[in-house]
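The values are calculated or read from the model by the stated rules, or taken from the named source; none is laboratory data. Everything numeric here is computed off the predicted structure, so don't read it as measured data. Reconstructed Cβ throughout: ideal geometry from the backbone, glycine too, with neighbour counts over all protein chains shown. SASA here: full protein model, heavy atoms, side chains in, ligands and nucleic acids out. Shrake-Rupley method; radii C 1.70, N 1.55, O 1.52, S 1.80 Å.
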Amino acid sequence: MELSNRQKQILQAVIDEYICSAEPVGSRAISKKNALGLSSATIRNEMADLEDMGYLIQPHTSAGRIPSDAGYRFYVNSLMRRYQLGLEAIKRLQEELAGRISRLDMAVKRAGFLTAMLTDYTTVISAPRSERTEIKKLDLVPVAEGAIMLIIVTNTVRSRPISARLDDKMCQKLAAILNGRLCGKAADEIAYDTIKDIEGEVCGKLGVEPKTIINILNFVYDSITELDDSEIFVANAKSILKYPEYRDMDKARELFTFLEDKQKLKGLISASSGDGINATIGKENEYEILRDSSIITADYSLDGKAVGKVGVIGPKRMDYAKVFASLDLISHEINNLVGYISNDS
């Protein structure tokens, strides 16, 4: 059912008030603080209808109402007012990023701290690794009956035992094929056709079981993908303790543990899709610990290609308009900074 203009005004007023107060909002508060020209009784009836429609929740029978996830989503998509950052905040941000920084990771890390300063929420920001990770050498060594050791040399060395009945001579032949096909390649250069060609050659010429080569190729790909992945930085994690949504210490502890898991954080901010700034609200989040939170992310680019993301994590009651404006500014400034560092290097 489509909301009437009056219902939109009331929903916007409820969410704006709840963002500020963190307390359930009653009809009298809306009537007093907003020039809607409506009686408290009319507002109360409309709020009841908005609850029936799924945009508001009444946590207790005697309490006012709070926004639901659907209410926040409608607010972000249709009701949120444009927020104008103060000139002082903009000038300070530009001055902080104006110094000569020769390393991309340090520039992005600084930008993450400045985003946290602007929004007062926890900030997560990713940066592409400055070094390209490529395969330098692969070795296969028999280590026991029915097992071989796969060794991958990149800018580090990784190894894994693989179940396979291959003697030393067969390991050398297989390693020669793998090195010929994969050496000098980074993760994004190993195409699906390359993998299928390797499978066909190894299984056809050497008679290696398909399962063995699949296990080897999976480990090779996972290893260099992980190494070639973005770095991740977290700023202002302690800010979660400021908000009543996280005052349950068990919940806060779980969230701190989540923020220490770099792989989950990478997945979290890379999961958002689409151009511009994106919001993931409440139950839209994949992780249970974030069901009372919202994540707002923005891309930053180099030569028109997205190379990283900056994200803000806070309660569903976050000041969306301010966060959107802050991320719009910070992503623009990082774009300029990334371009400067790239051209200067």
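To the nearest ten degrees, helix 210-227 and the longest principal axis of the Cα atoms of the chain are 50 degrees apart.
For the chain, the longest principal axis of the Cα atoms and the long axis of helix 192-201 meet at an angle of about 30 degrees. Structure remark: mean-square fluctuation, Gaussian network model of the chain, C-alpha springs under 10 Å; the largest value among ARG44, ARG110, ARG181 belongs to ARG181. Among LYS33, LYS251, LYS136, the largest mean-square fluctuation in a Gaussian network model of the chain, built with springs joining Cα atoms closer than 10 Å, belongs to LYS33. Probing with 1.4 Å while keeping every protein chain in the model, the per residue accessible area of segment 142-240 equals 53 Å². In the context of the full protein assembly, LYS173 retains an accessible surface of approximately 100 Å², using a probe radius of 1.4 Å and ignoring ligands and nucleic acids. Other residues within the sphere of radius under 13 Å centred on the Cβ of VAL202, judged by their own Cβ, net out at +1 (K and R +1, D and E -1). Largest to smallest in accessible area, the residues CYS203, CYS20 fall in the order CYS20, CYS203 (1.4 Å probe, all protein chains included). With a cut-off of 18 Å on the backbone N, the residues of segment 228-272 near the modelled label site 7 Å out from MET106 along Cα-Cβ are 231-234. Per-residue ellipticity at 222 nm computed for the chain from its helices equals -14500 deg cm²/dmol, with DSSP H segments shorter than 4 residues left out and the rest contributing -39,500 (n - 2.57). Cross-link list LYS8/LYS262; LYS8/LYS309; LYS185/LYS238; LYS185/LYS262; LYS185/LYS211; LYS238/LYS266: which exceed 29 angstrom alpha carbon to alpha carbon? Violating the 29 Å limit, Cα to Cα: LYS8/LYS262; LYS8/LYS309; LYS185/LYS238.
Sites count as exposed loop sites when they are GluC sites (Glu not before Pro), lie in a DSSP loop, and have at most 13 other Cβ atoms within 10 angstrom; the longest stretch of the chain without one is 3-130. Relative to the dominant Cα principal axis of the chain, helix 320-344 is inclined by about 40°. Between ALA186, ALA107, ALA144, where does the largest GNM mean-square fluctuation fall for the chain, given springs only between Cα atoms within less than 10 Å? Largest GNM mean-square fluctuation: ALA144.
With R₀ set to 30 Å, the beta-carbon distance separating ASN155 from ASN335 gives a calculated FRET efficiency near 0.60.
The slack between GLN94 and THR194, meaning 0.36 nm per residue of separation minus the straight C-alpha distance, is 31.4 nm.
Taking the protein heavy atoms of the chain in the context of the full set of protein chains, the accessible area attributed to carbon and sulfur is 47 percent at 1.4 Å.
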